[in-house]
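Chemist: The following block contains the structure, expressed as structure tokens.
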Amino acid sequence: MQMEALKDVPTFAKLGEILVGAGVITEEQLKKTLAEQKYSGEKIGDLFIKLGYAVEEQVYAGLAHQMNMEFIDNEKLLEASEDAVRLIPEAFARENTLIASALENGNLMVAMVDPDDIIAIDNLQKLTDQKIIPALGTPTGIAIAIEKLYVRIRKDTEVRDVIDDLQIFAEADDEEDGMVDMTKADATLDDAPVVKLVNLIIADAMKERATDIHIEYQDDYVSVRYRIDGVLQEVMTPPHSSHPGIVSRIKIISRLNIAEKRLPQDGRFGIKTTEREVDVRVSILPTVNGEKIVLRLLDKSSFSRSLTQLGFEQDMLMIFKRNIIQPYGMIVVSGPTGSGKSTTLYASLSDIKSIEDNITTVEDPVEYHSNGINQVQVKPKIGLTFSTALRHILRQDPDKLLIGEIRDGETADIAIKFSLTGHIVFTTLHANDAPSTITRFIDIGVPPFLVGSCLLLVMAQRLVRKICPKCKQEYEPDEYEMQALNLSDDEKERYKDIKYYRGKGCVYCRNTGYYDRTGIFELLEIKGPIRRLIFDNANQEEIRDEAIKRGMVTLREAALRKIAAGVTTLREVLRVTVQEYE
């Protein structure tokens, strides 16, 4: 109901008459409501809403007109001045269902469900030292505004604290010099706004659990997006005039060439706060619209996850555990960048490490720090490559070895020979699924007989977003979703009685309906028939068919299990996994 509709309706009339006069309800509906009120004794406004004759905002707008005071609708409540909102403690606002809306010349307008609450108004005056102007708001609108605005204020405060505490370090040109403090490097008074903006982008990304920051030049603005739980979300749009300054600032702290705008550049810098240490990998790519920046955030805090926290089903966990305790052989985890491969391998090492073993890792970069493990950071600029490091590690009497990634035939050859000489090797490889991981080894030049001899277990994995626990609700998927899922007859029978859930979207999950991620896994144990197929140089389809016959759970099947358990959504499974066609 627009407030204009109430202009010709007398104030201080009965609420029913006001709503009839404004055209919200009819005379017939008013009579039915009054008759219902005689039996129920409920408030007339609540009955209008309950019977579906009016919505909450219409009823409260009518009440405000009746009381001759201002009504603040739900949309305007969300636009309330943060400076005004900050004046009232959150606990007081929640307890009394009210929120400050505007502050002007010592007058604080406060939206209330009960503007006649003299005690609350008197307490507000003492708390804020302002003259209180009460206004009417809906209970739902005030509750939503409290949730969103106070969360935003808390976040702004936390981000500001992080910015004040932020220290940026870059590698020195001379490796022996260690790290150089770049927090205020080359920052003049004129650069202060850009420095603050870059610090804000980084600090906010850390606060929001982002793994990547994308900064792109658009026609009218700069797009800043965070990858949160594996999906990009636009979080701010600074003016396009800020783009050159942002690029230059990031180049300076990454110790890159600020004059070079024609070629891609890669760099890195580190961030330290009192709570966290983060390694940032920088990639700058020239595009037709200008230079695009991607920052990858790698948390260097101590590793604290266990295998049971990764999302393994119980049967899969048993298969994985019995293979990682073998005395020699190779465990390979495959998947795209950001699929949690390193997390899985470190959880494996944490599960099996002991004082009796010499465990060494070779990584680029070292993503997690772990006590009891010797970690080697690859530095190609000075000649410390994967293959160079591995040759020297062989002289260090290792028992267990983690290789961050097999990228070429030389590294693969050393790793395989290491696994064939009484050691166990954990490593990763980029491949789509478990069977294609085997053929990928052969593609990079490893003979099939070596591949078949060394492999113990090949596991493909992906990460799916979990439904937000704060706004999770049951729903019925539409026909298109079910068709897209394309269940086989066997799957339809197994999953016919499951309930489907999704997140409605709330402040906690940034209105995405998802919060955090969990793993789905495809485990292929290399046993007799599979090993013989590898020796015979079989293609991945033949290996896949044999593996499924022997009980391998595919990534799609693993994802369906997550739906059945109410962990993730149907749409998330469609986004992450590929349907296996006959």
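The values are calculated or read from the model by the stated rules, or taken from the named source; none is laboratory data. In this text the structure is predicted, and so the values were computed from the model without any measurement. We place every Cβ from the backbone using ideal geometry, glycine too, and count neighbours over all the protein chains shown. When the accessible area is computed, the model is the full protein with side chains, heavy atoms only, and any ligands, DNA or RNA have been set aside. Shrake-Rupley method; radii C 1.70, N 1.55, O 1.52, S 1.80 Å.
Chemist: Would you tally the net charge around THR128, using a Cβ to Cβ cut-off of less than 15 Å, leaving THR128 out, and scoring K and R as +1, D and E as -1?
Modeler: On the way: positive: ARG86, LYS126, LYS131; negative: GLU82, ASP83, GLU90, GLU104, ASP122, ASP129.
Once all neighbours under 15 Å are counted, the net charge is -3.
Chemist: Which percent of the accessible area of the chain is formed by carbon and sulfur heavy atoms (probe 1.4 angstrom)? Please list the in-between numbers first.
Modeler: Details: 14010 of 29270 Å².
The computed percentage sits at 48.
Chemist: Here is a follow-up. If the cut-off is 17 Å between C-alpha atoms, which lysines fall inside it for LYS31, apart from same-chain ones fewer than 8 positions away?
Modeler: Once the sequence-local lysines are set aside, what remains near LYS31 is LYS14, LYS43, LYS50.
Chemist: Exceeding 23 Å between C-alpha atoms, which entries from my cross-link table qualify? They are LYS466/LYS504; LYS76/LYS466; LYS207/LYS562; LYS292/LYS341; LYS321/LYS341.
Modeler: LYS76/LYS466; LYS207/LYS562; LYS292/LYS341, as the Cα separations exceed 23 Å there.
Chemist: Taking a probe of 1.4 angstrom, what is the accessible area of TYR60 in Å², to the nearest 10?
Modeler: Approximately 30 Å² for this residue.
Chemist: Now, a different point. What percent of all Cα-Cα pairs in the chain falls into each 10 Å bin, going from 0 up to the bin containing the maximum distance?
Modeler: Histogram of Cα-Cα distances, whole percents per bin: 3, 13, 18, 20, 18, 12, 8, 5, 2, 0.
Chemist: Take GLU260 and ASN371, extend 7 Å from each Cα along the Cα→Cβ direction, and tell me the distance between the two endpoints in nm.
Modeler: With each label placed 7 Å out from Cα toward Cβ, I get 4.2 nm.
Chemist: Along the charge dipole of the chain, pointing to its positive end and built from +1/-1 on Cβ of Lys, Arg, Asp and Glu, which listed residue (ALA547, ASN511, TYR501) has its Cα farthest out?
Modeler: So the residue furthest toward the plus end is ALA547.
Chemist: Could you give me the radius of gyration and the Dmax of the stretch 6-150, taking only the C-alpha atoms into account and expressing both in angstrom?
Modeler: Answer for the stretch 6-150, Rg first and Dmax second: 16.3, 49 Å.
Chemist: Something else: Figure the gain on full extension for GLU27 and ASN432 (residue separation times 0.36 nm, minus the Cα-Cα span) and round it to one decimal in nm.
Modeler: Here the segment from GLU27 to ASN432 would lengthen by 139.2 nm.
Chemist: Largest first, what is the accessible-area ranking of GLU42, GLU479, GLU356 with a 1.4 Å probe? If you can, show how the numbers build up before the last one.
Modeler: Working: GLU42 60, GLU479 135, GLU356 155 Å².
Reading off the accessible areas and sorting them downward yields GLU356, GLU479, GLU42.
Chemist: In addition: ILE44 to GLU79: FRET efficiency via 1/(1 + (r/R0)^6), r the Cβ-Cβ distance, R0 30 Å, to the nearest 0.05?
Modeler: Details: r = 30 Å, r/R0 = 1.01.
After rounding to 0.05, the efficiency reads 0.50.
Chemist: Which peptide among 204-216, 428-440 comes first, and what is the full order, when sorted by highest mean count of other Cβ atoms within 10 Å? Please list the in-between numbers first.
Modeler: On the way: 204-216: 19.3, 428-440: 22.7.
Ranking, from highest mean packing down: 428-440, 204-216.
Chemist: For ARG94 and ARG494 in one chain, what is 0.36 nm times their gap in residues minus the Cα-Cα distance, to one decimal in nm?
Modeler: Numbers: separation 400, 0.36 × 400 = 144.00 nm, distance 4.62 nm.
So the chain would gain 139.4 nm between ARG94 and ARG494.
Chemist: Solvent-accessible area per residue for the chain at a 1.4 Å probe radius, Å²? List each step's numbers first, then the result.
Modeler: Working: 29270 Å² over 582 residues.
Value returned for the chain: 50 Å² of accessible area per residue.
Chemist: Quote the charge dipole size of the stretch 34-125 about the Cα centre in Debye, to the nearest 20; the model charges only the Cβ of Lys and Arg (+1) and of Asp and Glu (-1). Kindly include the intermediate steps, with their values, before the conclusion.
Modeler: Values: 6 positive and 18 negative charges, 56 e Å.
Roughly 280 debye for the stretch 34-125.
Chemist: Calculate, in whole percent, how much of the Cα-Cα pair population of the stretch 205-308 lies beyond 21 Å. Can you show the working numbers first?
Modeler: Values: 2066 of 5356 pairs.
Within the stretch 205-308, distances greater than 21 Å cover 39 percent of Cα pairs.
Chemist: Mean separation of Cα pairs under 8 Å and 6+ residues apart, divided by the residue count of the chain: what relative contact order is that in percent? Walk me through the numbers before you get to the answer.
Modeler: Working: 995 pairs, mean separation 48.3, N = 582.
Computed over the chain, the figure is 8 percent.
Chemist: Moving on to the next point. Farthest toward the dipole's positive end in the stretch 1-153, which of ILE44, TYR150, MET67, given Cβ charges of +1 (Lys, Arg) and -1 (Asp, Glu) about the Cα centre?
Modeler: ILE44
Chemist: On to the next question. How high is the FRET efficiency between GLN314 and ILE352 when r is their beta carbon distance and R₀ equals 30 Å, given to the nearest 0.05? Kindly include the intermediate steps, with their values, before the conclusion.
Modeler: On the way: r = 19 Å, r/R0 = 0.63.
Efficiency at R0 = 30 Å is approximately 0.95.
Chemist: With only alpha-carbon atoms counted, please give the Rg and Dmax of the stretch 449-571, in Å.
Modeler: 18.2, 55
Chemist: While we're here: With just the Cα atoms of the stretch 324-364, tell me how far they stretch along each of the three principal axes, in Å, largest first.
Modeler: Projected onto its principal axes, the Cα set of the stretch 324-364 covers 33, 19, 17 Å.
Chemist: If you place +1 on the Cβ of every Lys and Arg and -1 on the Cβ of every Asp and Glu, how big does the dipole about the Cα centre of the stretch 422-476 come out, in debye to the nearest 20?
Modeler: Numbers: 6 positive and 4 negative charges, 65 e Å.
That gives a dipole near 320 debye.
Chemist: Let me ask something additional. Return the FRET efficiency for the residue pair LEU487, VAL507: r is the Cβ-Cβ distance, R0 is 35 Å, and the value is rounded to the nearest 0.05. Intermediate results must be reported in sequence, preceding the final value.
Modeler: Values: r = 35 Å, r/R0 = 0.99.
Result of the calculation: an efficiency of 0.50.
Chemist: Can I ask one more? Debye sum, Cα scatterers, the stretch 457-507, no solvent: what log₁₀ I/I(0) at q = 0.15, 0.24, 0.31 1/Å?
Modeler: With no solvent term, the Cα-only Debye profile gives -0.63, -1.05, -1.14.
Chemist: If the rule is a partner Cβ under 4.7 Å, which cysteines in the chain fail it?
Modeler: For the chain, the answer is CYS454, because their Cβ atoms have no other cysteine Cβ under 4.7 Å.
Chemist: Separation between the ARG532 and ASP219 pseudo-spin-labels, each 7 Å from Cα along Cα→Cβ, expressed in nm?
Modeler: 6.4 nm
Chemist: Ok, one more. So if I restrict to the alpha-carbon atoms in the stretch 423-507, what is the Rg, and what is Dmax, the biggest pairwise distance, in Å?
Modeler: 20.0, 55
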